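The values are calculated or read from the model by the stated rules, or taken from the named source; none is laboratory data. Remember, predicted model here, so these are calculated numbers, not experimental data. Every residue, glycine as well, gets a Cβ built from its backbone with ideal geometry; the counts of neighbours run over all protein chains shown. These accessible areas exclude ligands, DNA and RNA; they are computed on the full protein's heavy atoms, side chains included. Shrake-Rupley method; radii C 1.70, N 1.55, O 1.52, S 1.80 Å.
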Amino acid sequence: MQFSPLISALIDAFKVLPGVGNKTAQRMAFHLLERNREGALNLSKVLHDAMEHVRHCQRCRTFTEDAVCDICASAKRADSGLLCIVESPQDVLAIEQTAEYHGRYFVLMGHLSPIDGIGPAEIGLDTLAEQLAEGGINEVILATNPTVEGEATAHYIAQLCREHGMTASRIAHGVPVGGELEYIDGNTLTHAFQGRRQL
Amino acid sequence: MSVQDSAIDAWVLHRRPYRETSLLVDLFSRQWGKMTLVCKGVRGSKSDKKSLLQPFQPLSVNLYGRHELKNLRSVESLGPRLALREQALFCGMYMNELLNRVLLPQVAQDALYAQYEHSLLSLAQSAPLQPLLREFEWVLLEDLGYGFDWQHDAETGTEIDPGQTYTYMAQQGFVVAGTGAHARWQGQLLLDVAERRWGPDSLRCAKQVMRLALHPLIGDKPLKSRELFIQLERR
């Protein structure tokens with residue numbers, strides 16, 4: 001059966017969402033048409049506004065509609081002299097939820113992955129080098145993912161920091177809290193042993 | 001014998017996310033050369049395969065599927081993951097990018113596989129990086145059929161004269177340099193490289209020649225991993 005042009009266009013449009021195929025897109029389209037037109041109109045307006053106005057923060061590269069995001073604008077955070085480097089805006093959110101860290105961030109929006117054509121320039125390391133040169137930072141915390149690409153990114157930035165005479169530290173990897181050693185994979189356990197601390 | 005019959009020794013060259021919880025993984029295997037497989041559900045929080053399916057981890061994998069794109073049945077580690085750091089890590093990534101670019105799917109490269117394994121183990125033991133990369137590139141060219149003779153003139157077949165100046169002819173080897181040749185090396189340097197007597201000059205020569213010799217394999221798009229080194233050297 002063929003849908004009318006507008007409905008087909010709507011279904012196709014939903015397919016840009018991650019994890020949404022033909023069937024889910026149809027279900028979404030008909031749900032909104034049948035039951036929630038108001039919500040859908042609101043969605044279209046918010047979607048439009050966000051796509052038009054959300055940009056990258058000039059300092060940390062995270063998403064924001066202002067020139068500089070709230071975290072970067074805060075004087076208290078700048079005073080801490082800490083800079084945490086993460087791969088994605090979701091990582092910022094995860095760290096913020098711990099309420100443990102009170103410094104600024106730098107969001108790479110990816111990691112070094114030469115095979116995929118992502119080198120230092122693509123993840124904004126020239127911007128980072130400028131900020132390191134400006135000063136005001138005492139310690140750089142490398143919170144990239146514990147994958148090979150994340151490690152490579154951390155090592156590269158650590159070298160950058162050394163050139164600017166700054167200390168760089170890497171977050172610890174190890175056993176999840178509440179987990180059991182017996183179910184932990186060997187590589188993680190190796191890391192946990194290498195990073196052990198005196199009590 | 002088919003791919004499904006037995007366990008395969010392999011290293012991960014590259015992995016990328018696929019759908020919500022799966023990975024597409026490029027392997028370099030001893031028995032079948034380069035292969036691509038779908039690893040379903042390994043990115044989920046319950047799977048511990050994602051820590052195994054990483055580069056620089058020796059693996060034994062079981063696969064299934066009749067098409068070129070295989071599926072992962074099971075994976076086991078054959079040893080600890082190599083702890084590569086800093087420059088050694090970048091070198092490892094360079095070798096992976098090079099292999100990923102030049103290998104044909106499902107063509108076994110025995111000598112190259114052995115050299116890759118040897119190079120990775122040397123990297124983990126912090127061996128000097130430049131000789132290691134040049135020797136890896138050398139074996140790669142030979143095993144893919146792009147090898148050439150460092151000790152004889154490609155035109156006349158006579159031995160390289162240490163006092164003469166030579167230039168490189170694509171896919172043939174070295175010939176006596178005419179006046180117009182812009183890339184030229186002393187015969188002595190070529191013989192040093194052939195005998196693997198590494199010094200600053202012979203390493204530079206080997207690097208320049210390898211760059212020229214790899215060009216037909218890599219094409220015009222340069223390898224991105226080189227940027228990791230260039231930028232560090234420049235600073």
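Points to keep in mind about this one:
- Restricting B:R204, B:R197 to those that are more than 14 Å from every other protein chain (Cβ to nearest Cβ), in a loop (DSSP other than H, G, I, E, B) and open to solvent by 30 Å² or more (accessible area, probe 1.4 Å) reduces the list to B:R197.
- Being open to solvent by 50 Å² or more (accessible area, probe 1.4 Å) and either within 9 Å of chain B (Cβ to nearest Cβ) or closer than 21 Å to A:C57 by Cα (or both) is a condition met by no residue of the stretch A:168-178.
- Only a single item in (1) surrounded by fewer than 17 Cβ atoms within 10 Å (Cβ to Cβ); (2) at pLDDT below 85; (3) out of contact with any Leu (no Cβ under 8 Å at 6 or more places or on another chain) is not met by B:A183, and it is number (3).
- None of A:G39, A:G103 is surrounded by fewer than 17 Cβ atoms within 10 Å (Cβ to Cβ) and of a type in the set (G, A, S) except A:G39.
- Criterion: under 15 Å from the mean Cα position of the chain (by Cα), open to solvent by less than 50 Å² (accessible area, probe 1.4 Å) and of a type in the set (A, V, I, L, M) - qualifying residue of A:L132, A:L112, A:L93, A:L32: A:L112
- The C-beta contact set for the stretch B:128-153 (first residue more than 18 Å from B:K34 (Cα to Cα), second residue hydroxyl-bearing (S, T, Y), distance under 8 angstrom, 6+ apart or interchain) comprises B:L132/B:S119; B:L132/B:S122; B:L133/B:Y94; B:L133/B:S119; B:E135/B:S119; B:H152/B:T158; B:D153/B:Y166.
- Just one of (1) free of Cβ contacts under 8 Å to residues at least 40 places away in the same chain; (2) in a loop (DSSP other than H, G, I, E, B); (3) hydrophobic (A, V, I, L, M, F, W, C) fails for A:L10. It is (2).
- Any hit, the stretch B:86-95, residues being farther than 16 Å from A:G150 by Cβ, small (G, A, S) and assigned to a helix (DSSP H, G or I): yes
- Selection status of B:H182, out of contact with any helix residue (DSSP H, G or I) (no Cβ under 7 Å at 6 or more places or on another chain) and either closer than 29 Å to B:F28 by Cα or among the aromatic types (F, W, Y) (or both): no
- The set of residues in the stretch A:109-157 being more than 26 Å from B:R101 (Cα to Cα) and part of a loop (DSSP other than H, G, I, E, B) consists of A:G135, A:G136, A:I137, A:N138, A:A143, A:T144.
- Selection of the stretch B:95-119 for residues being within 13 Å of chain A (Cβ to nearest Cβ) and under 14 Å from B:L214 (Cβ atoms) yields B:M95, B:E97, B:L98, B:L99, B:N100, B:R101, B:V102, B:L103.
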